[in-house]
Every structure is written in structure tokens, then in C-alpha cells.
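Laboratory data are not the source of any read-out in this text; all were calculated from the coordinates shown. Since the model is a prediction, treat every value here as computed from it, not as a measurement. Here Cβ is always computed from backbone atoms with ideal geometry, including for glycine, and neighbour counts include all displayed protein chains.
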Amino acid sequence: MANINFRHLFKLRLTVARFGEMDNAAWWNINGILGRYGVLTLSRGFPKTHRFAQAGIAFAVAGHRCKEIYSHPEACTLWDLPAHIEDRFREKWHEWLDDNDGWIPFFKSLEDISGKPLLDVLNARELITPKQMEQVQRLRRSSEGRSVHISGFEALNNEALTFLAAGFFRGEPGKPAIPYISLPDKAIGS
């Protein structure tokens with residue numbers, strides 16, 4: 001397995017999930033779950049871990065919506081990675097819960113991102129480099145407008161994951177375009 005920074009993946013997923021909420025890009029049917037509304041709603045039932053509960057909800061909804069729009073057995077998306085990577089991600093989740101306080105600043109930084117372009121939001125959180133931003137600008141939506149093919153990667157690594165997140169910038173309000181990388185190994189669970 002490629003060396004993947006799972007903290008980076010978590011931050012990418014958090015950022016795209018928050019960006020796609022109804023009060024921003026309106027890509028998935030949740031409104032502010034990763035914003036202040038979600039904090040108020042979930043902090044009573046989950047006083048110490050509410051931010052991770054918020055993330056779990058946002059990830060489930062975003063992942064489901066993306067699969068509805070674009071799904072292929074060999075396609076890796078930000079929300080649909082090979083099983084061995086998803087398993088490691090879930091293992092890390094438990095470690096991050098132990099460092100709940102360390103994650104609060106990042107979660108808070110996402111609460112009010114309305115009106116900002118996705119690439120700027122990623123850049124402000126140091127999740128994308130200027131060179132990657134320049135390369136991502138060349139990505140195009142498919143002819144049917146539902147997906148964004150990302151070529152040039154034969155395996156998943158931190159840069160590929162960054163492109164899977166940043167490629168969402170090609171979406172329009174209410175109409176996401178799902179970035180994907182084709183990896184034949186995904187179908188057999190490398």
C-alpha cells in the first residue's frame with residue numbers, strides 16, 4: 001500500500017463534505033452539519049465527540065450522494081477508496097477520537113466557509129500546493145457533467161487524494177461533478 005497520510009485524507013474529506021453542504025455548494029442534503037448548527041445539534045448528545053459524530057454523518061451523506069451520481073467498480077473517489085485504505089482510515093478514526101481537542105481548531109476553521117471557492121478553502125488549510133492548484137485547474141468535467149476524470153496516477157498517494165478532493169471545484173451549485181481515478185486493482189481490493 002502506498003504511504004498515505006490519513007490525517008491529510010481526513011482533512012480533505014472534512015473540507016469537501018463541509019463545502020458540499022446545502023448552505024454552501026448544495027451538493028448533498030445536509031445543512032450546516034459541519035458548521036455551527038451541527039455543533040449545537042450534536043453537542044448535547046455527544047459532549048466530547050460531537051465533532052466526529054458530525055463528520056460521520058457528513059461523510060455518509062456525501063459518500064452516498066456521490067455514488068448516486070457516479071459509480072464504477074474501478075473508480076476511486078474521495079468517498080470510495082479501496083477496502084484496505086478504508087479499513088486503515090477507520091482504524092485511525094479511533095486514534096483521532098483520543099486527540100479530540102487537537103482537532104477542534106480544524107473543525108472550527110470549516111464552520112464559516114460560505115461564498116469561498118473550494119480551491120481557496122483547501123489552500124487556506126494548506127491541503128493543496130500552488131503547483132497542485134495549477135494542475136487541478138486543467139481538469140474538466142465529463143461530457144455528461146457528472147464526473148471529472150483524473151489521469152496520471154497509477155496508485156493512490158497523498159497527491160492523488162488531493163486531486164480527488166480538489167477536482168470537486170469543477171462542480172456547480174447544486175450539481176456536483178465527482179472526481180475519480182481509474183484503478184483496475186480497486187475492483188479486486190489490492
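Taking every alpha-carbon pair under 8 Å whose residues sit at least 6 apart, the chain reaches a relative contact order of 30 percent.
Among the GluC sites (Glu not before Pro) within segment 37-137, those in coil by DSSP and having at most 15 neighbouring Cβ atoms inside 10 Å are Glu74, Glu111, Glu126. With Rh defined as the Kirkwood radius, the inverse of the mean 1/r over Cα pairs, the Rg/Rh of segment 102-150 is 1.07. Only helices enter the 222 nm calculation for the chain: every DSSP H run of n ≥ 4 contributes -39,500 (n - 2.57), and dividing by all residues gives -15000 deg cm²/dmol, rounded to 500. In the chain, the longest principal axis of the Cα atoms and the axis of helix 83-98 are about 20 degrees apart.
For segment 149-164, putting each phi into the Karplus relation 6.51 cos²θ - 1.76 cosθ + 1.60 with θ = phi - 60° gives couplings of 7, 10, 9, x, 10, 9, 8, 7, 9, 4, 5, 4, 5, 4, 5, 4 Hz, in residue order, rounded to whole numbers and with x for Gly and Pro. Counting only alpha carbon atoms, the long axis of helix 100-109 and the longest principal axis of the chain meet at about 70°. Using 0.36 nm per residue and subtracting the Cα-Cα separation, the extra length available between Ser143 and Asn157 on full extension is 2.3 nm. What is the helix-to-structure angle for 6-19, meaning the angle in degrees between its Cα long axis and the longest Cα principal axis of the chain, kept from 0 to 90 and rounded to the nearest 10? Helix 6-19 sits roughly 80 degrees off the main axis of the chain.
Dipole size of the chain about its Cα centre, with +1 on Lys/Arg Cβ and -1 on Asp/Glu Cβ: approximately 360 debye, rounded to the nearest 20. Under the combined filter of DSSP loop state and at most 16 neighbouring Cβ atoms within 10 Å, segment 81-174 retains these trypsin sites (Lys or Arg not before Pro): Arg125, Arg138, Arg140, Arg146. Global size of the chain: 15.7, 46 Å for Rg and Dmax (C-alpha atoms, Rg to one decimal, Dmax whole).
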